[in-house]
Structures are given as C-alpha cells and as structure tokens.
Amino acid sequence: MKNKSIELAKDLISFIDNSPVSYFAAKNIINTLENSGYKALNEGDKWSLKLGGKYYIQRNQSSVLAFNLGNKLPWESGFNIAGAHTDSPHLKLKNESLEKQAGCVKVSIETYGGGINSTWLDRDLSLAGRISLKTEKGIETRLVDFKRAIGSLPNLAIHLNRSLNKGVEYNKQTQLPVILLANSQNVDEKTFLKEIVGKEAGVLADAILDMDLFFYDTQKGELIGLEEDIITVGRLDNLAMCHAIYKSLVAVETAEASNIAAFFDSEEIGSRTLMGADSNYLDGLLNRIVFSLGGTLEDSLRARHHSFLISTDGAHALHPNYIDKHDKAYAPLINQGPVIKISSNFRYATTAKSAGVFINLCQKANVPYQKMANRSDLPSGSTIGPTASAGLGIQTVDVGNAMLAMHSIRESQGSLDHLYMVKVLKTFYCG
Ligand code: ZN
C-alpha cells in the first residue's frame with residue numbers, strides 16, 4: 001500500500017509541476033485522455049456518438065469534459081460524473097503595467113482568486129499562460145511557460161518595519177508588483193513585456209495581440225515528513241482531484257452507465273464563466289449526448305434522475321497548531337481517508353442521501369472516510385458542487401482530501417489519501 005501511494009504521489013507531483021496554470025493542466029489531462037483512446041470533439045460540429053465511445057471536449061484551452069459512454073443508454077442507466085477544477089489562486093500579470101523604479105523594472109499584478117498573499121513574497125517566480133497572435137491564418141493562441149525564475153516579490157526588511165511580525169496586509173496595487181530586472185537601463189516600457197514573451201514563445205513581439213499570463217512558484221513538489229507521507233506543492237487545490245479523476249476514468253473500461261469527468265476552470269472566482277461550472281457547458285454536453293444517441297429532451301431529464309455527481313475539492317484538515325479553528329467532531333485528519341463535506345446552508349451539495357451513496361462506495365472500495373463541517377460560528381467555504389447540482393438537476397455529494405495551508409503558494413496533503421480517493425473514484429466509475 002505504501003509503495004503504491006508513493007508511486008501515485010510522485011505521478012501527481014509530476015502532473016502539478018508540469019501544470020503551472022490551468023491551460024497546462026488541461027493540456028496534460030488531454031494528453032492522458034488521448035493516450036487512452038479518447039477522441040476530441042468540436043462543440044461547433046454535428047456529433048454522431050456511439051455507446052462505448054470515448055470522447056472529450058474543451059473550452060478556453062483551460063477546461064475539459066471527458067466521457068466514456070456506457071453500454072446502456074443514459075436515460076436507462078444515468079451518468080456517473082466526477083468533477084474538479086483546474087484553476088488555483090495566482091498573481092496575474094497586468095500586461096500594460098511595466099514601470100521603472102529605484103533602478104529596477106517591475107510589473108503590477110491582479111490577484112486571481114483568494115490566495116494567501118504573503119506566501120508569494122520571497123519566492124522564485126516564473127510566468128506562464130496563453131497569448132493571442134495575429135497570423136496569416138487569422139488569430140491563433142499559444143501557450144507560454146518561462147519555466148525558469150524570472151521575478152521576485154521581496155519583503156521589506158524587518159529593520160524598516162519593526163511591526164512586520166505582528167501581521168501585515170499587503171496593498172495589491174502598490175506592494176505586490178513583481179520585480180523582473182535589477183537594471184532598468186535600455187528597457188523600453190512600451191515594448192519590453194511583449195518582446196520577452198515573444199522571444200520565449202518564438203514569435204515576433206509585434207504579432208502578439210494580448211496575453212493572459214500568471215506568476216507561479218518554481219519550487220518543485222516534494223514528498224516530505226519522516227515517513228514521506230506528506231505531499232507539499234502548489235495548486236494541490238485542486239489539481240490533486242483533477243489527477244485522481246483522470247487516473248480513475250482512464251483505468252476503467254466501458255461500464256453500464258456513462259462515465260464523465262469534468263475539469264472546470266474558474267472555481268476560484270465563482271465559476272460564472274464560459275468554462276466554469278456555473279455555465280451551460282456540462283448541461284449542454286448531457287443534452288447533446290442524449291440527442292446524439294437518439295433520445296429526446298425528456299430522455300435527457302430522465303437521465304439526470306438516474307445520475308450522480310461527485311464534486312471533489314480540497315477539505316480543511318485539522319491543523320495541529322490551530323485546534324480551536326475546527327469543530328472537533330468534524331475535523332478531518334491527514335491520511336485518514338476521503339472527507340465528506342457538509343453545510344446546512346448548502347455551501348456544499350451533500351445531503352444524508354448523497355453522503356450515503358459515497359459512504360457505500362468507500363465501504364465497497366475498503367477505504368475509510370471522514371466528515372467535515374465548519375465550526376458553527378465560522379462561515380463555510382464552497383465549491384462547484386452546489387452550482388453544478390442545481391444547474392444540472394443531479395444529486396451530488398461534495399468530498400475532498402484533507403489538506404493544510406489551502407490557497408498558500410505551497411499546500412500539503414497526505415499521500416495515502418490520494419490513493420484512497422483514486423480507489424473510491426474507480427469504484428464509482430465501475431458502476
Ligand atoms: Zn478548490
């Protein structure tokens with residue numbers, strides 16, 4: 001069991017190290033899908049799908065919906081859906097913001113999602129994302145990743161702010177610009193950014209129309225702890241669950257029900273985008289699958305009644321230094337199994353019935369499980385579960401693995417938990 005969990009954890013770390021932002025996560029997921037026989041479909045084409053077929057679609061190059069049609073019609077056997085999100089908190093480059101100051105060249109950022117800002121200071125930062133280009137064939141997009149550290153966000157010395165250790169709020173506009181160069185001579189503020197990005201992407205600076213670029217930490221993931229049972233790396237929330245889902249999906253051959261894996265973008269900013277869970281993306285896909293197999297809208301609605309969604313995202317582990325922050329009856333521990341997330345106000349979609357379905361899967365997979373609810377005097381977080389459940393009309397459970405330092409530039413979770421989650425998801429997809 002231990003060797004298996006270490007092997008799987010190393011595979012997860014490699015996926016995350018190679019997925020600095022959502023575009024790369026989607027690309028790596030697609031590579032695995034294609035190697036497992038999944039075929040790309042275009043949303044603009046007419047589809048003729050077949051039972052037993054394996055397909056995927058993508059939106060915005062940052063989100064993927066993959067599906068393996070079962071050997072029974074969906075309105076007879078339903079859809080087994082597992083969902084996660086490809087995005088994580090980042091510092092997003094403001095393309096037009098280059099400025100010279102104190103002999104240095106710096107760029108402004110916007111925070112994407114709700115990260116722990118202080119963890120971005122004094123790290124070696126690289127830049128990755130997507131650019132749009134004018135070419136002879138029209139407008140194209142290209143992914144870019146500098147890979148090496150090209151910037152940093154240095155703290156102010158303690159000697160210049162003696163109260164620094166009492167806690168500090170960083171002003172996003174004035175105190176979080178990233179330094180790219182220590183020598184600003186010979187730098188043209190108007191063209192410099194496009195020039196360095198163009199050089200990295202192998203295109204002319206003049207051809208670049210626009211850029212969506214994000215800073216990220218260059219430090220690679222590690223297995224740490226005396227027994228190597230803790231994974232530390234950025235973006236565990238929620239690339240860990242993306243990894244668990246695609247590993248499980250491709251490991252299971254055609255089942256009775258149709259299996260779907262949903263890798264949404266935009267969860268960290270509320271999911272209300274073209275490629276988020278609060279869009280027509282998955283709802284439209286379910287209809288199109290049913291129509292393509294000869295069903296009607298009524299059949300599509302019937303299919304949802306037979307379907308189940310497991311929404312997977314990080315859960316807060318009990319932090320040994322902050323015991324009071326948890327309700328001790330609902331405080332999950334690292335490496336003690338998947339966590340069922342509960343909120344009476346439906347910040348999580350879990351009900352006694354959907355939790356029961358998940359508990360039954362854990363028992364079938366011989367995997368322990370835990371429950372998490374916030375302290376009653378602390379508001380709960382949320383995720384894609386409630387939005388997707390309401391939008392699709394599908395019974396849903398919200399689950400995840402226990403993790404520490406959620407939304408830090410470097411998060412941690414247990415390696416054994418990752419193996420447990422894959423086991424449960426495989427059992428789910430087996431039907
Ligand atoms: Zn998340």
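Among the residues of region 59-84, those that are within 16 Å of the ligand (Cβ to nearest atom) and among the polar types (S, T, N, Q) comprise Ser62, Ser63.
Could you check region 262-281 and list, in sequence order, the residues that are within 14 Å of the ligand (Cβ to nearest atom), aliphatic (A, V, I, L, M) and surrounded by fewer than 24 Cβ atoms within 10 Å (Cβ to Cβ)? Ile269, the sole residue that qualifies.
Given the structure, is Glu298 assigned by TED's automatic domain parsing to the domain that holds Ala244, within 16 Å of the ligand (Cβ to nearest atom), farther than 22 Å from Lys54 by Cα and in a helix (DSSP H, G or I)? So Glu298 fails the test.
The single condition from (1) surrounded by 21 or more Cβ atoms within 10 Å (Cβ to Cβ); (2) part of a loop (DSSP other than H, G, I, E, B) that Ile310 fails is (2). Among the residues of region 187-197, is any more than 30 Å from Asp417 (Cβ to Cβ) and within 27 Å of the chain's Cα centre (by Cα)? Yes, the conditions are met somewhere in region 187-197.
Go through the residues of region 237-246 one by one and say whether even a single one is in the same structural domain as Asn80 (by TED's automatic domain parsing), within 16 Å of the ligand (Cβ to nearest atom), closer than 25 Å to Lys423 by Cα and in a loop (DSSP other than H, G, I, E, B). Looking through region 237-246, none of the residues is in the same structural domain as Asn80 (by TED's automatic domain parsing), within 16 Å of the ligand (Cβ to nearest atom), closer than 25 Å to Lys423 by Cα and in a loop (DSSP other than H, G, I, E, B).
The rows are residues; the columns are (1) touching a helix residue (DSSP H, G or I) at 6+ places or on another chain (Cβ under 6 Å); (2) buried (at least 21 other Cβ atoms within 10 Å of the Cβ); (3) modelled with pLDDT of 95 or more; (4) under 14 Å from Phe263 (Cβ atoms).
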position: Ser19; (1), (2), (3), (4): yes, yes, yes, yes
position: Ile29; (1), (2), (3), (4): yes, yes, yes, yes
position: Gly37; (1), (2), (3), (4): no, no, yes, no
position: Asn42; (1), (2), (3), (4): no, no, yes, no
position: Trp47; (1), (2), (3), (4): yes, no, yes, no
position: Gly53; (1), (2), (3), (4): no, no, yes, no
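Scanning region 155-181 for residues that are part of a loop (DSSP other than H, G, I, E, B) and surrounded by 10 or more Cβ atoms within 10 Å (Cβ to Cβ) gives Asn155, Leu156, Asn161, Val168, Tyr170, Lys172, Gln173, Gln175, Leu176, Pro177.
The single condition among (1) polar (S, T, N, Q); (2) crowded, with 23+ Cβ neighbours inside 10 Å; (3) within 29 Å of Asn335 (Cα to Cα) that Ser62 does not meet is (3). Can you confirm whether Asp87 is surrounded by fewer than 22 Cβ atoms within 10 Å (Cβ to Cβ) and either within 16 Å of the ligand (Cβ to nearest atom) or at positive phi (or both)? No, not satisfied.
Taking the criterion of being among the charged types (D, E, K, R), within 29 Å of Gly44 (Cβ to Cβ) and in contact (Cβ under 8 Å) with a residue 60 or more places away in the chain, would at least one residue in region 250-266 satisfy it? There is at least one residue in region 250-266 that is among the charged types (D, E, K, R), within 29 Å of Gly44 (Cβ to Cβ) and in contact (Cβ under 8 Å) with a residue 60 or more places away in the chain.
The values are calculated or read from the model by the stated rules, or taken from the named source; none is laboratory data. Note that the structure is predicted; figures quoted are calculated from it, not measured. FYI the Cβ positions are ideal-geometry reconstructions off the backbone, even for glycines, and counts take in every protein chain you see.
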